[in-house]
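These notes concern the structure reproduced below.
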Amino acid sequence: MRHQSPSSWAAISICIAALVHFALGFSIEFSVDEAHYALYAKHLAWSYFDHPPLVGWIQWPLVSLTSSEGVIRLIPELLWVISAFLVYKVTLEIHRLMQGRNAGYLSTTLPSANLCGLMAVLAIVVAPLPHVLAIGLLPDTLLAPLSLGLMLMALRWTRKDHFSFADWLITGLLLGLSGLSKYTAVFTALGLLLVFLASPKKAWLTKVGFWVAAAIALMVISPVLYWNWMNDWVSFKYQIAHGSGGTWAWRRVAAFVGIQILCFGPLLILGAYVFLKNCLRSQKFILLALLSFFAIPFAIFTTLSGGGSLPHWTTPAWFCLAPFAGIGLAKAWAMQHRTAIRTLLIGQLLICLLGFGFVLAGGINTAAIKSNPIADLYGWKQAGQKAAQLAEATQANGIAVQNWTLGSRAAWYASPLPIFVLDERQDQFDLWFGKLPVGASVLLINWSGMAFKPPIGSNRAFEQCEPLDSLEIVRFGQILSKFDYSLCRNWQDAGAAH
């Protein structure tokens, strides 16, 4: 670090991580979520059953040109780079705010802005879970840079006497794009509102620009509202049910918090703690309002985790915490707590490298195939192509799977054959391909990682299923999974299946 400036090291760190993402992006097949959102781009619509449309729209140019996973993954990789850059930029702006607002003790004891920015970037680079979203495009991958962009606008609001009309336009556009990315963007909007409320001397509710920004945000998200209005608000109903989860339990909350620490690393937590303890002197209302970009979504998702939450839902919130953690880590570094920071930094980096190697190796060879989560990332391309050949040879009406999570890869890699999901839940596949017709014959795919008995019987089942073929997926000498193919004839009671 003596030979390069902190800003140079921040850029170097981002570039190294981006190269790793690029290499991994060309090495593995689509995950279930990636394939699902890539299918959005193949089936362009105003919105979709489970998410707003931007995650599909943004992929459409590349998906229309190629089916290469590595090329399509350039989008999330670029979004991660933008997010890391914005983390650095937001850190500098918060540092500038604190120096400008705090004469005396704090302004003279703050570490340099560039060191704070470097620490914030490093905290993100060695956080394990964001690398997953940097390779695979999820709505949260989009929401992270948009949330940081809104934080920048919030900081601009705190420093300026008033917003220009252009500022309001940008804010409205960012809010609208956030809403097009994920419904939980409403939590980010609440954080922005708290920043406005924390500046009582600045008028905003009576400004024309504010209402223009609100109108722009509403106009941008209007496709989502229109689509849901035409489809009985199915997406909102699904999200409410999905967010509430199952029976609430404290053990799930404890598990969620523990998983969050593992997924995002204790370095961010240490930095945030030092910031709250040593750097939060004056202008507390403004800084706490800015911290709500993390606190509001994290608190809500932690509460919901009692019924069931996914760990990556909080990713945009952690990106918004990183600038504060960077200032705290730089402060701890200046206070000679360098051994602890180095230990955590190296430890988290080793975990990330171990994870990358684990993915490339195809997981650990165990007797129980189902226990290897990495097996899900290999074999679907080969399996989909074989399924398409068998479906054509048997003149099947399409391909069937027995759980929606198996449908995305089948639909992507066996395109353009229709995919029918034989479970009872309603999902996006019902909107894309409709219900399986009575009397239809399909090629049934059964994957060892989520195996089901063939649906044979008198109610919502086939008359018979005839085994056709199987396919073992082998990587570096170990069997990762197995696909079994059956021709199932004469589907009964299709009207009761969703």
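The values are calculated or read from the model by the stated rules, or taken from the named source; none is laboratory data. A quick note: this is a predicted structure, and the numbers were derived from the prediction, not measured. Methodologically, a virtual Cβ is constructed for each residue, glycine included, from the backbone with ideal geometry; neighbour enumeration extends over all protein chains shown.
Remarks
- Top-ranked residue of region 70-128 - restricted to ones that are buried (at least 20 other Cβ atoms within 10 Å of the Cβ) and either among the small types (Gly, Ala, Ser) or in contact with a strand residue (DSSP E or B) (Cβ under 6 Å, 6 or more places away or on another chain) (or both), ranked as modelled with the lowest pLDDT: Ala113
- Residue within region 143-156 that is in contact with a Cys (Cβ under 6 Å, 6 or more places away or on another chain), within 26 Å of Glu34 (Cα to Cα) and in contact (Cβ under 8 Å) with a residue 60 or more places away in the chain present: yes
- Residue satisfying condition, being exposed (fewer than 14 other Cβ atoms within 10 Å of the Cβ) and at pLDDT 95 or above, within set Ile261, Ile240: Ile261
- Taken as a whole, the condition of being surrounded by 17 or more Cβ atoms within 10 Å (Cβ to Cβ) and either touching a helix residue (DSSP H, G or I) at 6+ places or on another chain (Cβ under 6 Å) or not β-branched (Val, Ile, Thr) (or both) applies to Ser178.
- Here Ala396 meets each of (1) under 30 Å from Gly439 (Cα atoms); (2) modelled with pLDDT of 95 or more; (3) hydrophobic (A, V, I, L, M, F, W, C) with one exception, condition (2).
- Checking Leu321 against (1) without any contact (Cβ under 8 Å) to a residue 40 or more places away in the chain; (2) assigned by TED's automatic domain parsing to the domain that holds Gln99, the condition it does not meet: (1)
- Any hit, region 196-217, residues being on the phi > 0 side of the Ramachandran plot and of a type in the set (D, E, K, R): no
- When each of Ser13, Ser83 is tested for being within 20 Å of the chain's Cα centre (by Cα) and touching a residue at least 60 places away in the same chain (Cβ under 8 Å), the lone residue that passes is Ser83.
- Restricting attention to region 387-412, the residues being among the charged types (D, E, K, R) and surrounded by fewer than 20 Cβ atoms within 10 Å (Cβ to Cβ) number 1.
- Enumeration of residues in region 302-347 that are among the hydrophobic types (A, V, I, L, M, F, W, C), out of contact with any Leu (no Cβ under 9 Å at 6 or more places or on another chain) and either in a helix (DSSP H, G or I) or buried (at least 24 other Cβ atoms within 10 Å of the Cβ) (or both): Leu304, Ala317, Ile346
- The residues in region 433-446 that are surrounded by fewer than 18 Cβ atoms within 10 Å (Cβ to Cβ) and touching a residue at least 24 places away in the same chain (Cβ under 8 Å) can be counted, and the count is 4.
- Of the residues making up region 118-164, those that are in a loop (DSSP other than H, G, I, E, B) and either among the charged types (D, E, K, R) or within 11 Å of Ala84 (Cα to Cα) (or both) are Lys160, Asp161.
- Annotation: Trp233 fulfils all but one of (1) surrounded by fewer than 16 Cβ atoms within 10 Å (Cβ to Cβ); (2) more than 30 Å from Trp46 (Cβ to Cβ); (3) hydrophobic (A, V, I, L, M, F, W, C); the unmet one is (2).
- When Ala203, Ala189, Ala185 are checked against the criterion of being at pLDDT below 95 and aliphatic (A, V, I, L, M), Ala203 stands alone in meeting it.
- Just one of the numbered conditions (1) over 23 Å from the mean Cα position of the chain (by Cα); (2) surrounded by 15 or more Cβ atoms within 10 Å (Cβ to Cβ); (3) among the small types (Gly, Ala, Ser) is not true of Ala189: (1).
- Per the conditions (1) aliphatic (A, V, I, L, M); (2) surrounded by 17 or more Cβ atoms within 10 Å (Cβ to Cβ); (3) free of Cβ contacts under 8 Å to residues at least 60 places away in the same chain, the sole criterion not satisfied by Ile28 is (3).
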